[in-house]
Amino acid sequence: MEKLHYERLQETLYHEVMDNGLQVYVLPKPAFLKTYATFATQYGSVDNHFKVAGGEETTVPDGIAHFLEHKMFEEPEGDIFATFASNGASANAFTSFDQTVYLFSATENIEQNLSTLVDFVQRPYFTDENVEKEKGIIGQEINMYADNPDWRVYFGLIEAMYATHPVHIDIAGTIESISTITKETLYTCYNSFYHPSNMLLFIVGGVDPEKVFELIRNNQKGKSYEKQGEITRIFDPEPEEVASKHVESRLAVSIPKMMFGFKEKVDGLTGEAAVRRDLTTKLMLDLLFGSSTALYQKLYDEELISDSFGHEFNSSPQYAFSAIGGDTKDPGLLLERIKEEVGLILEKGFAAKDFERARKKKIGGFLRMLNSPESIAHEFTRYQFRGGDLFEVLPLYESITLDEVNARLHDHVDWEQLAVSLVVSP
Amino acid sequence: MTNNGFQHGSAAGIRIHVLPTKAFKTFAISLYAGVPLEESTVTSTALVPFVLRRGTASYPETTEFRERLEELYGAGFGFDIYKRGDYQIVQFRMDTINDSFVQSKESLLGESFAFLGEVLTRPLLEDGSFRASYVATERETIRKKLESIVNDKIRYAAERCIEEMCRKEPYRLHPLGQRADLDGITPESLYQSYNSWLNGATLDLYVVGDTTPEEVEKLVVAHFGRARHSESVPYVSNFTPVTVTEVRTVEERLDVNQGKLNMGLRTSITYKDDSYAAALMYNGILGGYPHSKLFVNVREKESLAYYASSRYDGHKGIGTIQSGIESQNYGKAVDIIRKQLDELKAGNISELELSQTKAMIRNLLSEIQDSAFEMISFDFNRQLSGKDRTAQELMDQVDSLGAAEVKAAADTFELDTIYFLTGKEE
């Protein structure tokens, strides 16, 4: 058991790697009654073409990682939700571009609930019948998202940017793509990506770390895993330029929704370099489009944007893009005004006092995040899978310079790399 | 349980509730202002906080206002407007970093109080009234918010169902008010509304963090001293049970992929009743969780939906059911849902359903104490209902219930309205 103490954050993290390669982290929060645990695999919607050392190259249907997440909850003796409920645990799961996370939150029977979490994820049970049944449920989930304009405008933007990289494929797939999923394809994906060496267990709450490690050690000893070779994820080459500069979809909305963003060139960054780039970019976007900026206030007073206007930055070693926007009555005019105003900022760069204030805001936001066991678990796992460390974010923020942010601004804002997505009323 | 650990007092006409704790990295501050929900005031009351967040005497420009928050290490500031029973509640929230985690020259708790006090009591005035441009822009903001409810079909269907069910009561009103009222509001009329709102509302101020009641009281006197001339009047419940004579069905057509099926139920049980615990159990067994009757029968057995759940609002004495389905499955879904309601009325409740639901409710109530704002919210419900019952007492009551008591609660729930949002006919 390795002990990592972060004095400034007043947090102590415990870490151990199991013999089979499973990474386990425990963050005790003695003042908390509840325990929150996530069991994550580095496997998401983009991993649709891969090869495990010694195996064959495989391509699987779109939406299968998410389908697999749904099917994990079914056990020979029934639904695992019932087992969690009997022990007072609230369980759930989600699938993103690059990970699948199973989780529970509970205030009692923690050891029992931890065993249930680890056991159900390590015990796949797929039958022809239960796979067919799930297609109806996920079909309704897909239809639900199809009616959601925020989702449509966001995915429209990624589709506009990426021609080949599977990040542009909806996480749930389509009704057609999931219709081809069988229990055999599910087992193929399961066996490739759910090996303990590809997974991370994070536990935060009122727990004793040594007891937790003891429990997980014994649990894993009872299961036999053969050593797994490296997983190679295969991505077809992605063109540098955006696939389409402008996309539109139609839904019953009261006012158009617009998102725009810049597609970056692939840089393959990982580890601290990737984290630093991400933090710098987010600071830069906040200085450009944050709600305290002069630009934001002008556009708000011109009634071109509303409180829904926001921005984010999403990245992996194979893709990186910003997504900016919200509701607007005049997408064309808004984009024109943004080009004008951002053009002026590009000439001058950001001011030192604005930079310092934005940095303070980010540091405060980071510290506030540490009040939430859920956010800690999710963010920590996300950082680890990228080779970074969530608890080193504070000194990183402090070391970022104004020059770096200004350089990032010029690097990121490349109008040739701009794509725009709209949702308008039919 | 420690979530009855609030210490209560009052100053400057404001009721003060303080929970000293070192469990969090922030100070959580909430100010609730409640007035009766009435057609004549609902829109102006909703508009007030939107104008207050634009500027104050010391920070007249919105950019200055927001920059100030960023200087306080990105202090979280926001407000919500909602209905609780027949009251319209405005809740201001601040979440500020505890100074010990940053090198701050100012006391961040003191500065946050200074800020919030100024927002509430020293708005920007021009010629003895609110700045006209702020009123005009925020009127548009509310108009757009009201119009955009239809964009989120799940929320739209839920709100339409309530609106139809309560069409003869103030509760039909949206907490943001009515679009038709907006044009008639002037800077002068709104300033008058603000003054009567501030003097008439019941004000409750909460702080959770590393502080003391004495410190908070001093801060309230210093920064809210001019808030009002009179003491806050306690909330009064004027709940009268509604008898359902027949089930009313409302169908609405919009351009949607998925049909939204919502139901509204009436019950005579409210938050202040001793049978509140039984109503919580009823809702939990019906559709509060993934082990509940609705999830198991509508989703898992029949694959009709991705979501199928129920909620119980103890302040208004209503239950709601929501699901997203293929429009052609409407009849089948309604039958299955009504069958679950009948099962509960017939007392067909298993020991397992009882024990699982108890464990889940116990967990929910225990988890409250791990979140500052959840603790605040729980205590505010006590202020609102006048019922002094700790989370532990509620838990004990839930634990003591059997199938007979849940059946008795089921007998008070009557289906009132079925609302169905479906696609346009081809």
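The values are calculated or read from the model by the stated rules, or taken from the named source; none is laboratory data. Note that the structure is predicted; figures quoted are calculated from it, not measured. Neighbour counts are summed over all protein chains in view; Cβ atoms, including those assigned to glycine, are modelled from backbone coordinates with ideal geometry. With ligands, DNA and RNA removed, areas are computed over all heavy atoms of the protein, side chains included. Shrake-Rupley method; radii C 1.70, N 1.55, O 1.52, S 1.80 Å.
Taking B:Thr63 as meeting all but one of (1) within 21 Å of the chain's Cα centre (by Cα); (2) open to solvent by less than 40 Å² (accessible area, probe 1.4 Å), write down the number of the exception.
Of the numbered conditions (1) within 21 Å of the chain's Cα centre (by Cα); (2) open to solvent by less than 40 Å² (accessible area, probe 1.4 Å), the odd one out for B:Thr63 is (1).
Among the residues of the range B:110-141, write down those that are more than 26 Å from the chain's Cα centre (by Cα) and open to solvent by less than 10 Å² (accessible area, probe 1.4 Å).
B:Ser129, B:Phe130
Go through the range B:86-109 and report how many residues are within 25 Å of the chain's Cα centre (by Cα) and open to solvent by 10 Å² or more (accessible area, probe 1.4 Å).
Residues that pass the stated criteria total 5.
Here is a list of conditions, (1) within 14 Å of chain A (Cβ to nearest Cβ); (2) assigned to a helix (DSSP H, G or I); (3) open to solvent by less than 30 Å² (accessible area, probe 1.4 Å), and B:Tyr194 meets all of them except one; can you say which number that is?
Of (1) within 14 Å of chain A (Cβ to nearest Cβ); (2) assigned to a helix (DSSP H, G or I); (3) open to solvent by less than 30 Å² (accessible area, probe 1.4 Å), only one is false for B:Tyr194: (1).
So, B:Val256, is that one touching a strand residue (DSSP E or B) at 6+ places or on another chain (Cβ under 8 Å), in a loop (DSSP other than H, G, I, E, B), modelled with pLDDT under 95 and within 22 Å of B:Tyr306 (Cα to Cα) or not?
Yes; evaluated as a whole, the condition is true for this residue.
Pairs only if they're at least six apart or on different chains, beta carbon under 9 angstrom, first in the range A:305-318 and part of a strand (DSSP E or B), second small (Gly, Ala, Ser) and open to solvent by 30 Å² or more (accessible area, probe 1.4 Å); list them, first residue then second.
Cβ pairs passing all conditions: A:Gly310/A:Ser291.
Report the residue count in the range A:124-150 for those that are touching a Lys or Arg at 6+ places or on another chain (Cβ under 6 Å), of a type outside the set (Asp, Glu) and either surrounded by 22 or more Cβ atoms within 10 Å (Cβ to Cβ) or within 21 Å of A:Gly261 (Cα to Cα) (or both).
Of the residues in that region, 1 qualify.
Name every residue in the range A:51-94 that is away from every other protein chain (no Cβ under 14 Å) and not in a loop (DSSP other than H, G, I, E, B), in order of residue number.
A:Lys51, A:Val52, A:Thr58, A:Thr59, A:Ile64, A:Ala65, A:Leu68
Under 9 Å by Cβ, and 6 or more places apart or on different chains, what pairs join a residue from the range B:29-43 that is within 30 Å of B:Glu215 (Cα to Cα) and open to solvent by less than 10 Å² (accessible area, probe 1.4 Å) with one that is part of a loop (DSSP other than H, G, I, E, B) and hydrophobic (A, V, I, L, M, F, W, C)?
B:Tyr32/B:Ala201; B:Ala33/B:Ala201; B:Gly34/B:Ala201
If I ask for residues that are surrounded by 17 or more Cβ atoms within 10 Å (Cβ to Cβ) and free of Cβ contacts under 8 Å to residues at least 24 places away in the same chain, which ones from the range B:390-405 would you list?
Once the filter is applied, which keeps residues that are surrounded by 17 or more Cβ atoms within 10 Å (Cβ to Cβ) and free of Cβ contacts under 8 Å to residues at least 24 places away in the same chain, the range B:390-405 yields nothing.
Looking at the range A:266-302 only, could you name the residues that are within 13 Å of chain B (Cβ to nearest Cβ), open to solvent by less than 50 Å² (accessible area, probe 1.4 Å) and not in a helix (DSSP H, G or I)?
Across the range A:266-302, the qualifying residues are A:Gly290, A:Ser291, A:Ser292, A:Thr293.
Can you pull out the residues in the range A:101-115 that are hydroxyl-bearing (Ser, Thr, Tyr), surrounded by 21 or more Cβ atoms within 10 Å (Cβ to Cβ) and farther than 17 Å from B:Leu365 by Cβ?
Correct list: A:Tyr102 only.
Within the range A:37-59, take every residue that is more than 21 Å from A:Leu114 (Cβ to Cβ) and within 21 Å of the chain's Cα centre (by Cα) and give me the one that is surrounded by the fewest Cβ atoms within 10 Å (Cβ to Cβ).
Taking the candidates together, the pick is A:His49.
Test of understanding: among A:Val153, A:Val121, which residue is within 30 Å of A:Ala252 (Cα to Cα), buried (at least 18 other Cβ atoms within 10 Å of the Cβ) and either β-branched (Val, Ile, Thr) or under 25 Å from the mean Cα position of the chain (by Cα) (or both)?
When all the criteria are applied, what remains is A:Val153.
With A:Phe391, A:Phe355 as the choices, which residue is of a type outside the set (D, E, K, R) and under 26 Å from B:Asp370 (Cα atoms)?
A:Phe391 is the lone residue from the list that is of a type outside the set (D, E, K, R) and under 26 Å from B:Asp370 (Cα atoms).
Taking the range B:62-88 as the region of interest, how many residues are in contact with a helix residue (DSSP H, G or I) (Cβ under 8 Å, 6 or more places away or on another chain) and more than 8 Å from every other protein chain (Cβ to nearest Cβ)?
The qualifying residues number 10.
If you scan the range A:209-257, which residues turn out to be aliphatic (A, V, I, L, M), closer than 30 Å to A:Gly156 by Cβ and either open to solvent by 40 Å² or more (accessible area, probe 1.4 Å) or in contact with a Ser or Thr (Cβ under 9 Å, 6 or more places away or on another chain) (or both)?
Across the range A:209-257, the qualifying residues are A:Ile234, A:Ala243, A:Val247, A:Leu251, A:Ala252, A:Val253, A:Ile255.
Of the conditions (1) more than 11 Å from every other protein chain (Cβ to nearest Cβ); (2) more than 20 Å from B:Ser377 (Cβ to Cβ); (3) in a helix (DSSP H, G or I), B:Lys144 clears all except one; give me its number.
Evaluating B:Lys144 over (1) more than 11 Å from every other protein chain (Cβ to nearest Cβ); (2) more than 20 Å from B:Ser377 (Cβ to Cβ); (3) in a helix (DSSP H, G or I) leaves (1) as the failure.
Just wondering, is there one or more residues in the range B:38-47 that are closer than 23 Å to B:Ser100 by Cβ, touching a helix residue (DSSP H, G or I) at 6+ places or on another chain (Cβ under 9 Å) and of a type in the set (Gly, Ala, Ser)?
Within the range B:38-47, not a single residue is closer than 23 Å to B:Ser100 by Cβ, touching a helix residue (DSSP H, G or I) at 6+ places or on another chain (Cβ under 9 Å) and of a type in the set (Gly, Ala, Ser).
So which residues in the range B:400-426 are more than 26 Å from the chain's Cα centre (by Cα), of a type outside the set (S, T, N, Q) and over 20 Å from B:Ala346 (Cβ atoms), if there are any at all?
Scanning the range B:400-426 gives B:Gly423, B:Lys424, B:Glu425, B:Glu426.
Take the residues in the range B:328-341 that are over 28 Å from B:Tyr171 (Cβ atoms) and crowded, with 17+ Cβ neighbours inside 10 Å, then tell me which one is farthest from the other protein chains (Cβ to nearest Cβ).
Per the stated criteria, the residue is B:Ile336.
In the range A:156-201, what count of residues is obtained for those that are closer than 15 Å to A:Val46 by Cα, in a helix (DSSP H, G or I) and open to solvent by 30 Å² or more (accessible area, probe 1.4 Å)?
Counting residues in the range A:156-201 that are closer than 15 Å to A:Val46 by Cα, in a helix (DSSP H, G or I) and open to solvent by 30 Å² or more (accessible area, probe 1.4 Å) gives 2.
Given the residues A:Ile338, A:Ile376, A:Ile324, A:Ile345, which is the only one that is modelled with pLDDT of 95 or more, more than 30 Å from A:Gln23 (Cβ to Cβ) and within 21 Å of the chain's Cα centre (by Cα)?
Of A:Ile338, A:Ile376, A:Ile324, A:Ile345, the one residue that is modelled with pLDDT of 95 or more, more than 30 Å from A:Gln23 (Cβ to Cβ) and within 21 Å of the chain's Cα centre (by Cα) is A:Ile324.
Could you list, in sequence order, the residues of the range B:171-191 that are over 20 Å from B:Glu147 (Cα atoms), in a helix (DSSP H, G or I) and open to solvent by 10 Å² or more (accessible area, probe 1.4 Å)?
Of everything in the range B:171-191, those that are over 20 Å from B:Glu147 (Cα atoms), in a helix (DSSP H, G or I) and open to solvent by 10 Å² or more (accessible area, probe 1.4 Å) turn out to be B:Pro187, B:Glu188, B:Ser189, B:Tyr191.
Name the residues in the range A:319-333 that are part of a helix (DSSP H, G or I) and in contact with a Leu (Cβ under 9 Å, 6 or more places away or on another chain), would you?
Selection gives A:Pro331, A:Leu333.
For a quick check of your reading of the model, give me the residue pairs whose first member lies in the range A:403-426 and is farther than 30 Å from B:Val150 by Cβ, whose second is of a type in the set (Asp, Glu) and open to solvent by 60 Å² or more (accessible area, probe 1.4 Å), with beta-carbon atoms closer than 9 Å and at least 6 apart or on different chains.
A:Glu416/A:Glu241; A:Gln417/A:Glu240; A:Gln417/A:Glu241
From the list B:Arg122, B:Arg68, B:Arg54, which residue is in contact (Cβ under 8 Å) with a residue 40 or more places away in the chain and closer than 20 Å to A:Glu356 by Cα?
Result of the check over B:Arg122, B:Arg68, B:Arg54: B:Arg68.
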